[in-house]
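K.L.:
Sharing a structure with you now.
The values are calculated or read from the model by the stated rules, or taken from the named source; none is laboratory data. If you're wondering where the values come from, they're calculated on a predicted model, not measured in any experiment. Cβ placement follows ideal geometry from the backbone for every residue including glycine, while neighbour counts extend to all protein chains displayed.
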Amino acid sequence: MHHHQMSARAFEAAREVIPGGVNSPVRAFKSVQCDPVFIERASGCRLFDVDGNAYLDYIGSWGPMILGHGHPEVRAAVAAALEDGTSFGASTWREVALARRIVDMVPGIDMVRLVNSGTEATMSAVRLARGFTGRKKIVKFDGCYHGHADGFLVKAGSGVATLAIPGSPGVPDEVVAATLTAPFNDLEALEALFDREGGDIAAVIVEPVPANMGVVPPDGDFLPTLRRWTEELGIVLVFDEVITGFRLAPGGAQERFGVVPDLTCLGKIIGGGLPVGAYGGRREIMAQVAPDGPVYQAGTLSGNPLATAAGLATLEVLSRPGVYDLLEERGRALAEGLGEAARRHGVACTVQGIASMATVFFGQTGPVRNFDDALRSDTGAYARFFRAMLERGVYLAPAQFEAAFVSLAHGWDEIEVTVQAAESAFKELAG
Ligand code: PMP
């Protein structure tokens, strides 16, 4: 049995001074019905909690740690940056170098602006799309999560889905009214929406492969058709690649699927574990951003030295030959291993994954193609599985509607240990 006394004590102290005891809702482990563990440190693919328990980490800080924790080159880059000062609020060469690398790697990005989180990236991209088109409405897909800006808290995924809240108090009705929603992978519904409102829509924002309702790959014709229709209607197509960027391929989902959006939002990996986001795209649109253009957006810590150093080092490692093949193989081994283990023990579930991320949807008998499908998952079974895995030293996302992330630091041995743990957990669930 793992002991969690120190975590329990920390959580109690946290709840007195932090809402829910956490700085981001899913960390509270609410939907998996146990108390959260407090982390002391991490190394490679392992997390160590304040009670001295070790876990194989499949959250990877929710995506950023694609190289694993404490990668020597990232540490060296951050340490070097630290020597020179942590923030100047003025321009540095590192920002240019990071922007250059992003522009060179991501097909749809001619110019890019650095911000401090994915939320800032999506919020700014939508403002820019509205400024560029002079239109007001936006379209998002049910179950996609784009951060917590007002206009995105409509049928959102991730923690919003986990807590089963349709929107959020505090978001004005007028803002909600400007957000139209459609089911993912449903071109018929999209066509009807475009027929009705096409001329008023500034932007369609989409996770090209949603990972915030669990991992849901797009049907073959979904993204190409979305690209064609938005172009015809003069709608700015925004790919939210905060998760998929630099994970599905060096150039993200847009490279993998050969569909180039007008704007792209990035985050997570490009900060190598420090707070960063970015939005970029076609030169003509980016030229509208202040100070060259009238669309305002700014940030005291934007492009700060530590974050850009960590991001640059991360992208440098990811640019080396063979890295993505390795990530792909290990991700597939994990997904297949989990699927086979579940089948052997007669646990009903669908495992879906792409590249180095995957989700086990419990209680499913067929593919999960959209949010309605995902919501039919057996979240109680997921909670039992999560707790059984935690007890066996495997740290999965503490909610059904999320992805498991594999890093370069996850070796074959660790994947095998994980699948064995899953065997034993499924057996317990089935028994
Ligand atoms: N977009 C997507 C696709 C995300 O997954 C997230 C966060 N998980 C965000 C935006 C928001 O990013 P942040 O939490 O850095 O604000």
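K.L.:
What about Val216, is it part of a loop (DSSP other than H, G, I, E, B), touching a Gly at 6+ places or on another chain (Cβ under 8 Å) and either more than 15 Å from the ligand (Cβ to nearest atom) or more than 20 Å from Ala121 (Cα to Cα) (or both)? Quick ask: steps written out before the conclusion?
P.N.:
Numbers: part of a loop (DSSP other than H, G, I, E, B): yes; touching a Gly at 6+ places or on another chain (Cβ under 8 Å): yes; either more than 15 Å from the ligand (Cβ to nearest atom) or more than 20 Å from Ala121 (Cα to Cα) (or both): yes.
Against the criterion (part of a loop (DSSP other than H, G, I, E, B), touching a Gly at 6+ places or on another chain (Cβ under 8 Å) and either more than 15 Å from the ligand (Cβ to nearest atom) or more than 20 Å from Ala121 (Cα to Cα) (or both)), Val216 qualifies.
K.L.:
For the range 58-79, enumerate the residues that are away from the ligand (no atom under 16 Å from the Cβ) and touching a residue at least 24 places away in the same chain (Cβ under 8 Å). Break it down stepwise before answering.
P.N.:
Of the residues in the range 58-79, the ones away from the ligand (no atom under 16 Å from the Cβ) are 67-79.
Result: Leu67, Gly68, His69, Gly70, His71, Glu73, Val74, Ala76, Ala77, Val78.
K.L.:
Shifting gears a bit: Looking at Arg41, Arg46, Arg27, which one is out of contact with any Gly (no Cβ under 6 Å at 6 or more places or on another chain) and within 16 Å of the ligand (Cβ to nearest atom)?
P.N.:
On the way: Arg41 fails: within 16 Å of the ligand (Cβ to nearest atom); Arg46 fails: within 16 Å of the ligand (Cβ to nearest atom).
Arg27 is the lone residue from the list that is out of contact with any Gly (no Cβ under 6 Å at 6 or more places or on another chain) and within 16 Å of the ligand (Cβ to nearest atom).
Let's see how each residue does on (1) modelled with pLDDT of 95 or more; (2) outside any loop (DSSP other than H, G, I, E, B):
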position: Val74; (1), (2): yes, yes
position: Gly108; (1), (2): yes, no
position: Arg113; (1), (2): yes, yes
position: Arg127; (1), (2): yes, yes
position: Gly143; (1), (2): yes, no
position: Val160; (1), (2): no, yes
position: Ile165; (1), (2): no, no
position: Val176; (1), (2): no, yes
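K.L.:
Mind checking which pairs have a first residue in the range 17-35 that is within 20 Å of Glu391 (Cβ to Cβ) and in the same structural domain as Pro398 (by TED's automatic domain parsing) and a second that is among the hydroxyl-bearing types (Ser, Thr, Tyr) and within 13 Å of the ligand (Cβ to nearest atom), Cβ under 9 Å, 6 or more apart or different chains?
P.N.:
From the range 17-35, the pairs are Val26/Ser158; Val26/Thr162; Lys30/Thr162; Ser31/Thr162.
K.L.:
Starting from the range 344-373, take each residue that is touching a residue at least 24 places away in the same chain (Cβ under 8 Å) and list its partners that are among the aromatic types (Phe, Trp, Tyr) and in a helix (DSSP H, G or I), counting only C-beta distances under 6 angstrom and pairs at least six apart or across chains.
P.N.:
That search, which allows pairs on different chains as well, returns His345/Phe426; Val347/Phe426; Phe362/Tyr382.
K.L.:
When you look at Pro250, is it within 30 Å of His69 (Cβ to Cβ) and away from the ligand (no atom under 16 Å from the Cβ), yes or no? Quick ask: steps written out before the conclusion?
P.N.:
Values: within 30 Å of His69 (Cβ to Cβ): yes; away from the ligand (no atom under 16 Å from the Cβ): yes.
Yes: the conditions hold for Pro250.
K.L.:
Now for a different question. Would it be correct to say that Thr314 is out of contact with any Lys or Arg (no Cβ under 7 Å at 6 or more places or on another chain) and either on the phi > 0 side of the Ramachandran plot or outside the structural domain of Arg127 (by TED's automatic domain parsing) (or both)? I'd like the intermediate steps shown before the answer.
P.N.:
Values: out of contact with any Lys or Arg (no Cβ under 7 Å at 6 or more places or on another chain): yes; either on the phi > 0 side of the Ramachandran plot or outside the structural domain of Arg127 (by TED's automatic domain parsing) (or both): no.
No: the conditions fail for Thr314.
K.L.:
Something else now. What single numbered condition from (1) of a type in the set (A, V, I, L, M); (2) crowded, with 17+ Cβ neighbours inside 10 Å; (3) part of a helix (DSSP H, G or I) fails to hold for Ala13?
P.N.:
Failing condition for Ala13: (2).
K.L.:
If you don't mind, another one. If we keep just the residues of the range 16-43 that are touching a Pro at 6+ places or on another chain (Cβ under 9 Å) and not in a helix (DSSP H, G or I), which is farthest from Pro72 (Cα to Cα)?
P.N.:
Cys34
K.L.:
From the list Ser319, Ser302, which residue is among the polar types (S, T, N, Q), at pLDDT 95 or above and away from the ligand (no atom under 16 Å from the Cβ)?
P.N.:
Every option except Ser319 fails the conditions.
K.L.:
Please pick out the residue among Ser124, Ser87 that is assigned by TED's automatic domain parsing to the domain that holds Ala211 and crowded, with 17+ Cβ neighbours inside 10 Å.
P.N.:
On the way: Ser87 fails: crowded, with 17+ Cβ neighbours inside 10 Å.
Of the residues listed, the single one that is assigned by TED's automatic domain parsing to the domain that holds Ala211 and crowded, with 17+ Cβ neighbours inside 10 Å is Ser124.
K.L.:
May I pose another question? Taking the condition of being outside any helix (DSSP H, G or I), within 16 Å of the ligand (Cβ to nearest atom) and out of contact with any Cys (no Cβ under 7 Å at 6 or more places or on another chain), how many residues in the range 219-238 meet it? Break it down into steps so the answer makes sense when it comes.
P.N.:
To start, the set of residues in the range 219-238 that are outside any helix (DSSP H, G or I) comprises 219-221, 234-238.
From what's left, within 16 Å of the ligand (Cβ to nearest atom): 237-238.
Those left that are additionally out of contact with any Cys (no Cβ under 7 Å at 6 or more places or on another chain): 237.
Result for the range 219-238: 1.
K.L.:
Let me confirm something: among Ala278, Ala287, Ala202, Ala192, which residue is hydrophobic (A, V, I, L, M, F, W, C) and free of Cβ contacts under 8 Å to residues at least 24 places away in the same chain?
P.N.:
Numbers: Ala278 fails: free of Cβ contacts under 8 Å to residues at least 24 places away in the same chain; Ala287 fails: free of Cβ contacts under 8 Å to residues at least 24 places away in the same chain; Ala202 fails: free of Cβ contacts under 8 Å to residues at least 24 places away in the same chain.
Being hydrophobic (A, V, I, L, M, F, W, C) and free of Cβ contacts under 8 Å to residues at least 24 places away in the same chain holds for just one of Ala278, Ala287, Ala202, Ala192, which is Ala192.
K.L.:
Can you say whether Ile285 is away from the ligand (no atom under 13 Å from the Cβ), in the same structural domain as Asp219 (by TED's automatic domain parsing) and at pLDDT 95 or above, as far as the supplied structure shows? Can you show your working first?
P.N.:
Numbers: away from the ligand (no atom under 13 Å from the Cβ): yes; in the same structural domain as Asp219 (by TED's automatic domain parsing): yes; at pLDDT 95 or above: yes.
For Ile285, the condition - away from the ligand (no atom under 13 Å from the Cβ), in the same structural domain as Asp219 (by TED's automatic domain parsing) and at pLDDT 95 or above - is met.
K.L.:
Please verify whether Val276 is over 21 Å from Phe371 (Cα atoms), away from the ligand (no atom under 16 Å from the Cβ) and of a type in the set (Val, Ile, Thr), treating the condition exactly as stated. Before the answer, list the steps.
P.N.:
On the way: over 21 Å from Phe371 (Cα atoms): yes; away from the ligand (no atom under 16 Å from the Cβ): no; of a type in the set (Val, Ile, Thr): yes.
For Val276, the condition - over 21 Å from Phe371 (Cα atoms), away from the ligand (no atom under 16 Å from the Cβ) and of a type in the set (Val, Ile, Thr) - is not met.
K.L.:
Which of the residues that make up the range 108-140 are touching a Ser or Thr at 6+ places or on another chain (Cβ under 7 Å), within 19 Å of Phe184 (Cβ to Cβ) and within 12 Å of the ligand (Cβ to nearest atom)?
P.N.:
Correct list: Lys140 only.
K.L.:
Does the range 97-106 contain any residue that is assigned by TED's automatic domain parsing to the domain that holds Pro250, surrounded by 15 or more Cβ atoms within 10 Å (Cβ to Cβ) and in contact with a Pro (Cβ under 9 Å, 6 or more places away or on another chain)?
P.N.:
Yes, the range 97-106 contains at least one residue that is assigned by TED's automatic domain parsing to the domain that holds Pro250, surrounded by 15 or more Cβ atoms within 10 Å (Cβ to Cβ) and in contact with a Pro (Cβ under 9 Å, 6 or more places away or on another chain).
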